[in-house]
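A.B. asks: Here you go, one structure.
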Number of protein chains: 2
Amino acid sequence: MSKHYERVMAIYREASDLHGAAALMGWDQETYMPPRGAATRGRQLATISGLIHERLTSDEMRGALGEARTESLAPDQEVNIREIARDSDRAVKIPVTLVKTLAETTSAAIGVWIKARQENDFPAFAPWVARLVGLQREVAEAVGYEDEPYDALLDEYEPAATTKETAAVFDSIRAPLVDLVQRIGSSGVAPRTDFLERSYPIDDQRRMGVTAAERMGFDFEAGRLDISPHPFCTHLGVHDVRLTTRYSETLPMQSFYGVIHEAGHGLYEQGHDPAHEGTPRGASVSLGIHESQSRLWENMVGRSRAFWRYFFPEFSAIFPDNAADVSEEEVYAAVNEVKPSLIRVEADEITYNLHILLRFEIERGLFADEYTPGDLPAVWNEKMKAFLGITPPDDKDGVMQDIHWSHGSFGYFPTYTLGNLYAAQFYRAAERDMPDLSDQIARGELLPLRDWLRDNIHLPGMTYRASELVEHVTGEPLSADYFLSYIREKYGSLYRL
Amino acid sequence: MSKHYERVMAIYREASDLHGAAALMGWDQETYMPPRGAATRGRQLATISGLIHERLTSDEMRGALGEARTESLAPDQEVNIREIARDSDRAVKIPVTLVKTLAETTSAAIGVWIKARQENDFPAFAPWVARLVGLQREVAEAVGYEDEPYDALLDEYEPAATTKETAAVFDSIRAPLVDLVQRIGSSGVAPRTDFLERSYPIDDQRRMGVTAAERMGFDFEAGRLDISPHPFCTHLGVHDVRLTTRYSETLPMQSFYGVIHEAGHGLYEQGHDPAHEGTPRGASVSLGIHESQSRLWENMVGRSRAFWRYFFPEFSAIFPDNAADVSEEEVYAAVNEVKPSLIRVEADEITYNLHILLRFEIERGLFADEYTPGDLPAVWNEKMKAFLGITPPDDKDGVMQDIHWSHGSFGYFPTYTLGNLYAAQFYRAAERDMPDLSDQIARGELLPLRDWLRDNIHLPGMTYRASELVEHVTGEPLSADYFLSYIREKYGSLYRL
């Protein structure tokens, strides 16, 4: 008998259906909503969020959750109760007034950030960072944490990750990455990239991206690809997964790797067990694990030598003129150019992580009272100098480049690098299980890898927490060694180190 | 003090926000949803409908409505309470089990209709018509009616309209329309239409439609135009109104008048008072009044001689080759060709109404036990012969051509012709208020008419019921005379009668 469990799931399914509606509203907001629709949409979304919150926190839900824990449940059911209780506990602990104040403050802060960034005026933005840090500290106190407040924030995006462990892993890659970037810089090797600055018609770019996504096994009968200023992937259900990208006529690889990246996220969402749709058992583990799926496809596959063996003829067929004087090897080298740069979202797969380490250290310092918001421009520029050897010419493209802090999102950035590390470790496990993986990729046979990911990572849903999943799939805990040896090998060869 | 009123409105606004979400989900279903997303979408929509129903019928809403009626309210507030009470009463009266059975039966019936239609097999569909008529009769009994069950169904789409009055108006146009169609048929005049059968590229068709809609004052910053198999207009808010159309390369006027028609609906939605968004006071009166707005723009304006004075140069500029050997007068005559035909949605503005009269008489007869579903093909064909002088070659393009009955929608069809009649009467009132209306249109100045409609019809929202609105705007009750004199004058001249 599991009638309390059933009661929990009935309420949760309603919340989950409302979530599907909210996901569509969010997607539409970024893709097709007419500009003047924004105010009403905001109100409608707030109503739906309120209804979801009610369902997670109602007396009925709390009572049913308490009773369900005493029932004898199947393992899948236990996963659901564990995760729903986690969501519900968190929602109950954070006072509704705090949620409201946060929503109002971020809503205002985004506007301030946009303007301050345009005007390169960090002092105008600093008090809002202070306010949001203060509010998130209240969240941390309400939710509770073991060692430091930042734990509670990290936990929202990467359940069960701790600041200390994350810092330890990040510490283990900082020096090697800085060293590698320096050696690449002084290698004297510079890939040819002129052919990527030519004109690539957007319709053809779209075709190139769709070709790759289809080959990866992304099901366009159960998904879409649209355009938005900030690319993302969202899911309205297992069979309705939507990717977006952006196009610039002279940046063909931006949209191409953007599509592969989002399709990697999309495969995770399409790979859940439809029988568990709308439940934690059929949902993704964490942002870090999600990012591992996008990065694995974008970098380990899409930026590999093997991939360009398969894809160069496709590229040449779609862009015969642009590809006429270019070799397969040259494209491979160009898409792997390493160069310290100001902007995170444009960074290569090595320096990207130094951008993340910098943000992680700053966020942790803010919540440990090591820095005040007023210190940030100086700290930012110091770390940019130390990690990447460059100094931002202004705060606009320095400390104010990301929207995250104006959203009040602290603890989000680290999941990007965790994703890269998970990805390398998963990929090594896939190579272990499929020794001819690289040959398959070179032949354009990407489905065996998709199926391996599906079986090992997608189908289990939230059965395991991130760290458990890594151990379960790879046989050992998260280690940065796989990522380091992957980039050392790849870039050692590319840059003849 | 109006605290109970405020309580009603707080609950209603939640329902209204959920409605906005459902409208987006419905729009997306017809435009962008990937095919495999349908099942989950259906479930999500059912959840949202259930939540809306809960809000309308909850003890809290019923109590607050009862109390609010005793409060001293402003006129706008009274409109809201009157209409919310109407919705709530109807929702309370119809048993939840009946709603569910209806939803399940129509969901199955649509599939049966699609197949039966493909196979020209009315006997397979007939039992489902019987079932749906039976269920709608239960709805009518639950809701209550004065004279006949059909009143209760009509009332859902055209509040306060009665079968008897509608029949009387329809009776007054039947013979004149049949006579006019016959006289046109034997006039010996046939407009030249060959140039409309040429190839009209779809991008250019889109441009033509958007040109007209913009000129009408449809705000594309607060709306969109997309493609769907069945054109429609939906609103997610006053500033988010979405039109769809369909394109066929050789049917330029289908998409053109489709866009004008939907933009007419769209102007109504964009014309509501934003201060009353999400309340009955800021909503449209009825389907008939809605249709009056689309038909007025489509026919009285878009198919007028004056309109083509303005638009012919636009048409020629967009399609220089196709327009090269065509005169303004010829286009005007071609878009007003009258010809009895099988299919309602392709009918001209005269015969269209005979298609509606036929359906109205059949529906009324079904609910008055005058016909059984098994009689329908014979009755249909008889009436087609009597009204239009043609006999459908099969039931596929006869009695089974419309989706409405498989949806369980009885009482919907009459609103189309009511819309035509309202439109003619409104248009005459606009001419009275703006004696140079036709000259304005000939100069492409469509905003004065848009503003007149806004002031007189859009901004009042649900302040008046349909019949009251007609009296308020035109100074007299609904009369078919305006429509009859409009078509007699226009077609008398076109067909030299």
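Read the figures in this text as sums done on the coordinates, not as results from a lab. Note that the coordinates shown come from a computational prediction; the quantities given were computed from them, not determined experimentally. When we count neighbours, we look across all protein chains shown, and the Cβ atoms used for this are built from the backbone with ideal geometry, even at glycine.
A.B. asks: I want to check the label-to-label distance for B:Glu370 and A:Ala103. Put each point 7 Å from Cα in the C-beta direction and report it in nm to one decimal.
C.D. replies: The answer from the label model is 5.4 nm.
A.B. asks: Can you give the local net charge around B:Thr391? Use residues other than it whose beta-carbon is closer than 15 angstrom to its beta-carbon, Lys and Arg +1, Asp and Glu -1.
C.D. replies: -1
A.B. asks: Sorted by mean Cβ packing within 10 Å, highest first, what order do the peptides B:441-448, A:283-290 take? Can you show the working numbers first?
C.D. replies: On the way: B:441-448: 16.6, A:283-290: 22.9.
So the peptides B:441-448, A:283-290, ranked by packing, come out A:283-290, B:441-448.
A.B. asks: Restricting to DSSP H runs of at least four residues, report the calculated mean residue ellipticity at 222 nm for chain A, -39500 (n - 2.57) per run over all residues, nearest 500 deg cm²/dmol.
C.D. replies: Roughly -20500 deg cm²/dmol at 222 nm, from the helical runs in chain A.
A.B. asks: By a straight-distance test (C-alpha under 30 Å), which lysines pair with A:Lys115 as possible cross-link partners, with residues fewer than eight away in the same chain excluded?
C.D. replies: Once the sequence-local lysines are set aside, what remains near A:Lys115 is A:Lys100, A:Lys339, A:Lys383, A:Lys385, A:Lys396.
A.B. asks: Fewest to most neighbouring Cβ within 10 Å: what's the order for B:Arg192, A:Arg496, A:Arg465?
C.D. replies: By the 10 Å Cβ count, ascending: A:Arg496, B:Arg192, A:Arg465.
A.B. asks: With unit charges on the beta carbon (Lys/Arg positive, Asp/Glu negative), name the residue among B:Thr474, B:Val241, B:Thr193 whose Cα is farthest towards the positive pole of the charge dipole of region B:150-497.
C.D. replies: B:Thr193
A.B. asks: How high is the FRET efficiency from B:Ala38 to A:Asp273, r the C-beta distance, R0 22 Å, rounded to 0.05? Intermediate values should be presented prior to the final figure.
C.D. replies: On the way: r = 19 Å, r/R0 = 0.86.
Given R0 = 22 Å and the Cβ-Cβ separation, E is 0.70.
A.B. asks: Using the number of other C-beta atoms within 10 angstrom as an exposure proxy, rank A:Glu291, B:Glu197 with the fewest first.
C.D. replies: Going from sparsest to densest Cβ surroundings: B:Glu197, A:Glu291.
A.B. asks: Okay, next question. List the relative contact order of region B:150-497 as a percent without decimals, with contacts defined as Cα pairs under 8 Å and 6+ residues apart.
C.D. replies: RCO, region B:150-497: 25 percent.
A.B. asks: At B:Ser228, with labels set 7 Å past Cα in the Cβ direction, how many nm apart are the copies from this one, shortest first?
C.D. replies: Distances to the matching label points in the other copies: 2.1 nm.
A.B. asks: Compute log10 of I(q)/I(0) for the protein assembly as shown with the Debye formula, placing one identical point scatterer on every Cα and leaving out solvent, at q = 0.09, 0.10 Å⁻¹, to two decimals.
C.D. replies: Debye output, listed in q order: -1.11, -1.28.
A.B. asks: Can I ask one more? Mind checking the dipole of region A:1-149: about its Cα centre, +1 per Lys or Arg Cβ, -1 per Asp or Glu Cβ, Debye to the nearest 20? Mind showing how you got there, number by number?
C.D. replies: Values: 18 positive and 23 negative charges, 111 e Å.
Charge dipole of region A:1-149: 540 debye, to the nearest 20.
A.B. asks: Gap in Å between the Cα centre of region A:308-348 and the Cα centre of region A:252-297?
C.D. replies: Going from one Cα centre to the other spans 24 Å.
A.B. asks: To continue, here is another question. Using only atoms on other chains, find how many Cβ atoms lie within 10 Å of each Cβ of peptide A:218-224 and report the average. Write down the numbers at each step before the final one.
C.D. replies: Numbers: counts 0, 2, 3, 4, 4, 3, 4.
The shielding value for this peptide is 3.
A.B. asks: Sticking with this structure for a sec: Quick check: pseudo-label points 7 Å beyond the Cα along Cα→Cβ at B:Asp171 and A:Ile343, how many nm apart are they?
C.D. replies: 7.4 nm
A.B. asks: Hey, another quick one. Look at the axis of the rotation that sends chain B onto chain A, then give the chain B residue with the nearest Cβ and the distance in whole Å.
C.D. replies: B:Ala21, 2
A.B. asks: Also: Only four residue types carry charge here, +1 at the Cβ of Lys and Arg and -1 at the Cβ of Asp and Glu. Report the dipole size of chain B about the Cα centre in Debye, rounded to the nearest 20.
C.D. replies: Numbers: 50 positive and 78 negative charges, 111 e Å.
Roughly 540 debye, rounded to the nearest 20.
A.B. asks: Once Rh for region A:120-497 is found with the Kirkwood sum over Cα pairs, what is the Stokes-Einstein diffusion coefficient at 4 °C and 1.567 mPa s, in µm²/s?
C.D. replies: Rounded to a whole number, D works out at 60 µm²/s.
A.B. asks: Mind checking which helices in chain A clear 24 Å along their axis (Cα) and have mean Kyte-Doolittle hydropathy of 0.5 or more, DSSP H runs only?
C.D. replies: Both cut-offs are met by A:96-118, A:122-143.
A.B. asks: Next question. Using a label point 7 angstrom from Cα along Cα-to-C-beta, what distances in nm, from shortest up, separate A:Thr193 from the other copies?
C.D. replies: Distances between equivalent label points, in nm: 6.1.
A.B. asks: Next question. What does the charge dipole of the protein assembly as shown about its Cα centre add up to, to the nearest 20 debye, if the Cβ of each Lys and Arg holds +1 and the Cβ of each Asp and Glu holds -1?
C.D. replies: Computed about the Cα centre, the dipole is about 300 debye.
A.B. asks: Also, I was wondering about something else. Quick one: B:Phe410, B:Phe319, fewest Cβ neighbours within 10 Å first, how do they rank?
C.D. replies: With the fewest neighbours first, B:Phe410, B:Phe319 line up as B:Phe319, B:Phe410.
A.B. asks: Please give, to one decimal in nm, the separation of the simple spin-label points placed at A:Arg443 and B:Glu6, each 7 Å out from Cα toward the Cβ.
C.D. replies: With each label placed 7 Å out from Cα toward Cβ, I get 7.2 nm.
A.B. asks: If you don't mind, another one. Across the residues of A:28-34, average count of Cβ atoms on other protein chains within 10 Å?
C.D. replies: Details: counts 7, 0, 0, 1, 8, 6, 12.
The mean count of partner-chain Cβ atoms within 10 Å per residue comes to 5.
A.B. asks: How far is A:Glu104 from itself in the other copies, in nm, if each label sits 7 Å out from Cα along the Cα-Cβ line, shortest first?
C.D. replies: 4.7
A.B. asks: Along the charge dipole of region A:3-93, which of A:Gly42, A:Gly20, A:His53 sits closest to the positive end, that is, farthest toward it, with unit charges on the beta carbon of Lys, Arg, Asp and Glu (+1, +1, -1, -1)?
C.D. replies: A:Gly42
A.B. asks: Could you work out the mean count of beta carbons from other protein chains within 10 Å of each residue's beta carbon in A:239-246?
C.D. replies: The shielding value for this peptide is 3.
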